[in-house]
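Notes follow once the structure below has been shown.
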Amino acid sequence: MPAINDYWPLVLANLKDRVTTDNFRAWFSRMEFVKTSNQGRKITLSVPSRFNKNYIQTKFKPQLMESLSKYYPQAIHLDLVVNTPKTTENEVKQQVLAHIDDEQPVTEKAKKPQSQNVNKILTQKSKPSYLPKENLNNLNPRYTFETFVVTGNTELVHNVAKAVSEKPGQSYNPVYIYGGVGLGKTHLMQAVGHKALENFPSLNIKYIPCETFITQFQLAVRNHQMSKFKDYYRSIELLLIDDIQFLSGKEATQEEFFHTFNILQQANKQIILTSDQPPNEIKGLEERLSSRFAMGMVVDISKPDLEARIAILTDKVARMKLNLPDHQIHAIAQAVDTNIRDLEGVLNKIQAKLTFSLQSTLDDSTLSQILDVTEPASSVKIEYLSNPGQTQTYKITSNVCSYFGLNYDEVLGSSRQKDISMARQITMYLLKTELGMSYPAIGKIFGGRDHSTVIHAINKITKLSKRDTKLRQKIKIIKNTALKK
Ligand code: ADP
Ligand code: MG
């Protein structure tokens with residue numbers, strides 16, 4: 001198992017970029033890593049005083065969580081305990097931190113007397129190595145093929161990943177996976193690592209976040225450990241570098257990565273890279289690197305559609321042993337269309353709620369609160385009436401109701417009775433044509449319906465009203481009275 005605090009100096013280095021130097025010194029210089037628990041979800045850190053703890057919690061928690069999540073991706077809870085730090089370890093850390101500043105060419109740094117001094121201290125005192133221990137592959141046990149749900153949008157990338165894990169270095173090399181955040185890039189690349197390890201137990205596999213590569217390179221240069229660094233990287237047989245876009249603008253690191261890449265690739269060692277963009281769109285990345293990244297297989301991982309989101313949620317709900325009926329799973333899938341990390345976020349909130357309330361099921365209104373959508377029609381009405389910003393929307397809806405002699409719950413609800421569903425479709429049509437509301441926003445008002453349902457309704461009314469004069473008149477009356485009110 002990895003020594004879990006291996007990355008702590010890197011977290012601090014990352015944090016240094018997010019807060020001012022003064023703040024860093026005042027609030028974080030005496031912070032210590034204690035442990036992770038709850039399968040990596042909780043991180044415990046120690047701080048020297050209660051005051052320090054409160055201050056960090058109110059002022060710097062987001063920055064701290066951002067930095068932690070780079071190196072401890074599962075971490076969602078933070079626990080700060082008040083403790084007096086051990087001075088010796090702290091001293092070493094101070095030196096390390098003094099070491100990490102912005103990247104400059106090696107020759108520039110060599111000229112700096114101050115950094116020579118620090119190098120000297122480090123070499124004499126502790127000589128830490130910032131390369132993860134040889135036997136660590138840094139793979140997160142959760143990210144396997146077994147826990148990866150294959151859906152339409154990930155079928156191709158999944159097949160490529162599977163193929164590579166069967167024959168590393170012999171099919172596609174490099175494999176370059178790109179796509180937005182939270183869509184499964186890290187998960188999939190690590191799944192290749194796990195599978196390859198199963199297939200070839202002696203293979204030297206390493207998962208390295210790109211930022212770790214950069215920091216290790218910088219530290220190696222400053223500690224005169226470059227030959228160790230080169231040996232370490234050049235002996236890897238399956239190299240997984242995550243979020244390669246962070247190489248942007250880091251010229252010295254790019255140069256070193258270029259050589260590492262060539263040596264590994266020429267020796268048929270497998271390389272997998274991920275990024276948020278295709279190779280040629282990463283700004284500040286040398287052309288010789290982007291063209292090499294594009295040489296093997298470039299695959300994108302796109303957003304999951306509704307069906308995919310339902311499939312993923314269903315799988316996760318079962319794994320987490322949550323008791324959620326289908327209609328609640330559908331509601332979550334409809335409300336959260338961003339990415340899988342956000343879907344997981346909702347499930348974690350639900351789990352926390354259930355644990356806290358000691359209940360085994362969740363009622364729909366609590367789910368609505370969690371999703372921040374107005375699920376039952378009656379609560380939409382309450383929200384309309386109490387929210388002055390919604391008056392235009394409210395007027396249109398209320399006019400449809402009075403024109404057709406229906407009540408809110410009927411129009412906003414899900415009855416399929418012919419006149420009710422016609423009234424509902426006219427309301428959607430007017431919200432679009434008169435107020436220019438987005439399809440998802442309209443869907444939200446109608447109990448979290450999918451935007452495709454809304455599009456369908458609006459298209460239907462548009463078409464019908466072209467040939468049906470009576471319908472055109474009805475719409476006109478509703479519209480005029482509503483907007484004049
Ligand atoms: P990315 O690296 O693209 O930002 P991650 O790989 O970190 O995204 O995925 C975010 C979260 O979503 C992780 O917890 C991961 O396990 C989960 N996840 C992503 N895709 C899938 C999938 N297809 N099936 C199951 N879980 C997934
Ligand atoms: Mg990732």
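The values are calculated or read from the model by the stated rules, or taken from the named source; none is laboratory data. Everything quoted here is computed from the prediction, not taken from an experiment. Positions of Cβ are generated from backbone atoms using ideal geometry, with glycine treated the same way; all protein chains shown enter the neighbour counts. The accessibility values were calculated without ligands, DNA or RNA, using every heavy atom of the protein model including side chains. Shrake-Rupley method; radii C 1.70, N 1.55, O 1.52, S 1.80 Å.
At a glance:
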| item | result |
| --- | --- |
| Residue match in region 312-324 (condition: under 26 Å from ILE340 (Cα atoms), in contact with a Pro (Cβ under 8 Å, 6 or more places away or on another chain), outside any strand (DSSP E or B) and outside the structural domain of ASN173 (by TED's automatic domain parsing)) | yes |
| Elements of type helices (runs of 4 or more DSSP H) contained in region 370-466, each with 2 or more residues being modelled with pLDDT of 85 or more and crowded, with 20+ Cβ neighbours inside 10 Å | 418-435, 439-445 |
| Scan of region 311-329 for residues that are surrounded by 17 or more Cβ atoms within 10 Å (Cβ to Cβ) and either within 12 Å of LEU367 (Cβ to Cβ) or among the hydroxyl-bearing types (Ser, Thr, Tyr) (or both), ordered by number | LEU322, LEU324, GLN328, ILE329 |
| Exclusive hit being surrounded by fewer than 20 Cβ atoms within 10 Å (Cβ to Cβ), modelled with pLDDT of 95 or more and outside any helix (DSSP H, G or I), set GLN359, GLN277, GLN265 | GLN277 |
| Answer residue from region 167-183, given it is in a loop (DSSP other than H, G, I, E, B) and within 16 Å of ligand 2 (Cβ to nearest atom) and is nearest to MET295 (Cα to Cα) among those | GLY179 |
| Qualifying residue in region 174-186 (condition: over 20 Å from the mean Cα position of the chain (by Cα) and under 17 Å from ILE236 (Cα atoms)) | yes |
| Cβ pairs under 7 Å, 6+ apart, first in region 134-160 and open to solvent by 20 Å² or more (accessible area, probe 1.4 Å), second of a type in the set (D, E, K, R) and within 10 Å of ligand 1 (Cβ to nearest atom) | VAL149/ASP315 |
| From the options LEU273, LEU219, LEU285, LEU289, residue that is under 20 Å from VAL160 (Cβ atoms), in contact with a helix residue (DSSP H, G or I) (Cβ under 8 Å, 6 or more places away or on another chain) and aliphatic (A, V, I, L, M) | LEU273 |
| Residue selected from region 164-178 under the condition away from ligand 1 (no atom under 13 Å from the Cβ) and open to solvent by 40 Å² or more (accessible area, probe 1.4 Å), by the criterion farthest from LEU264 (Cα to Cα) | GLU166 |
| Matching residues, region 224-242, being in a loop (DSSP other than H, G, I, E, B) and surrounded by fewer than 18 Cβ atoms within 10 Å (Cβ to Cβ) | HIS224, SER235 |
| Residue that is more than 16 Å from ligand 2 (Cβ to nearest atom), part of a helix (DSSP H, G or I) and out of contact with any Gly (no Cβ under 7 Å at 6 or more places or on another chain), where the choices are LEU188, LEU203, LEU197, LEU136 | LEU197 |
| Checking ILE208 against (1) assigned to a helix (DSSP H, G or I); (2) within 18 Å of LEU12 (Cα to Cα); (3) among the aliphatic types (A, V, I, L, M), the condition it does not meet | (1) |
| Positions within region 38-68 being open to solvent by less than 50 Å² (accessible area, probe 1.4 Å) and hydroxyl-bearing (Ser, Thr, Tyr), in sequence order | THR44, SER46, SER49, SER67 |
| Selection count, region 179-238, where residues are within 12 Å of ligand 1 (Cβ to nearest atom) and of a type in the set (S, T, N, Q) | 2 |
| Residue in region 334-356 that is modelled with the highest pLDDT, counting only those that are among the acidic types (Asp, Glu) and in a helix (DSSP H, G or I) | GLU344 |
| Residue in region 333-346 that is open to solvent by less than 10 Å² (accessible area, probe 1.4 Å), not assigned by TED's automatic domain parsing to the domain that holds ARG234 and not polar (S, T, N, Q) present | yes |
| Single residue of region 476-485 satisfying the filter (in a helix (DSSP H, G or I) and surrounded by fewer than 20 Cβ atoms within 10 Å (Cβ to Cβ)) that is modelled with the lowest pLDDT | LYS484 |
| ILE271 being open to solvent by less than 10 Å² (accessible area, probe 1.4 Å) and either in contact with a Leu (Cβ under 6 Å, 6 or more places away or on another chain) or more than 16 Å from ligand 2 (Cβ to nearest atom) (or both) | yes |
| Verdict on LYS283 being open to solvent by 10 Å² or more (accessible area, probe 1.4 Å), more than 22 Å from ASP363 (Cα to Cα), part of a loop (DSSP other than H, G, I, E, B) and within 16 Å of ligand 1 (Cβ to nearest atom) | no |
